[in-house]
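The values are calculated or read from the model by the stated rules, or taken from the named source; none is laboratory data. None of the values given here were measured: they were computed from a predicted structure. Neighbour counts are summed over all protein chains in view; Cβ atoms, including those assigned to glycine, are modelled from backbone coordinates with ideal geometry.
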Amino acid sequence: MFTRPSIKFCKSCGASITYRLPDDGDTKQRAICTACNTVHYENPLNVVGTIPYLEKNGKLHVLMCLRNIEPRKGKWTLPAGFMELDETASEGAARETQEEAGAQIEMQALFTVLSVPAVGQVHLHYRAKLLSEVYDPGYETTEVRLFSEDELPWDEMAFKTIKTTLKHFFEDAKTGVFTLHERDLI
């Protein structure tokens, strides 16, 4: 299970933090400043990314990135990463796709929302139509490559969220109807 990050000092005044129930009736222990009583909420991180795809030789292909960073260095993933402040989820997904794959895309609908409470994350993946087969991977990526469904390196994928997203993607592609998929990955 996810272990709570340990906040030690108040972001507002710098005093020490204690974990206790707030005075407002909240039922969860929170990080509370011992001096100014500021409550510091610890929330899941949002991971945003895309499923860049195109049709080639009569088959649907997805663009994947070979990770050049930990965790899971040397494993395949879809372009994704942590959402930044001051951006929407779709803007973050597009930014991550540009940073990791150097791919030119047309953003489409949100496709998966996967809650991963064990690591304190929520993963959001958007479908994204590839506009070009010219890529310029960034430092986080060793290689980018197009895979058809039957070529996917299932045993070499970095994360369960990627496998789940791709399984839904290719299942929906067979029907021609892409719907939003929401799951909890425990």
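Restricting attention to the range 1-17 and to residues that are surrounded by 13 or more Cβ atoms within 10 Å (Cβ to Cβ) and β-branched (Val, Ile, Thr), the residue that is modelled with the lowest pLDDT turns out to be 7. Residue-level check: of (1) surrounded by 13 or more Cβ atoms within 10 Å (Cβ to Cβ); (2) over 20 Å from residue 124 (Cα atoms); (3) in contact with a Leu (Cβ under 9 Å, 6 or more places away or on another chain); (4) of a type in the set (Val, Ile, Thr), residue 38 misses just (3).
Among the residues of the range 166-176, not a single one is more than 21 Å from residue 58 (Cα to Cα) and either touching a strand residue (DSSP E or B) at 6+ places or on another chain (Cβ under 6 Å) or part of a loop (DSSP other than H, G, I, E, B) (or both).
When 32, 51 are checked against the criterion of being assigned to a strand (DSSP E or B) and either among the hydroxyl-bearing types (Ser, Thr, Tyr) or over 12 Å from residue 125 (Cβ atoms) (or both), a single residue qualifies: 32.
For residue 113, state whether it is in contact with a Pro (Cβ under 6 Å, 6 or more places away or on another chain) and among the β-branched types (Val, Ile, Thr). No; evaluated as a whole, the condition is false for this residue.
Residue pairs whose Cβ atoms lie under 7 Å apart, separated by 6 or more positions or on different chains, with the first residue in the range 93-112 and more than 23 Å from residue 176 (Cα to Cα) and without any contact (Cβ under 8 Å) to a residue 60 or more places away in the chain and the second of a type outside the set (Phe, Trp, Tyr) and in a helix (DSSP H, G or I), are 103/97.
Taken together, the residues in the range 153-171 that are without any contact (Cβ under 8 Å) to a residue 60 or more places away in the chain and either within 15 Å of residue 51 (Cβ to Cβ) or in contact with a Lys or Arg (Cβ under 7 Å, 6 or more places away or on another chain) (or both) amount to 6.
Restricting attention to the range 62-109, and to residues there that are part of a loop (DSSP other than H, G, I, E, B) and among the β-branched types (Val, Ile, Thr), which single residue is surrounded by the most Cβ atoms within 10 Å (Cβ to Cβ)? The qualifying residue surrounded by the most Cβ atoms within 10 Å (Cβ to Cβ) is 69. The residues on offer are 92, 102, 120, and the sole one that is farther than 11 Å from residue 51 by Cβ and modelled with pLDDT under 95 is 120.
Considering the conditions (1) in a strand (DSSP E or B); (2) surrounded by fewer than 18 Cβ atoms within 10 Å (Cβ to Cβ), residue 112 is excluded by exactly one of them, (2).
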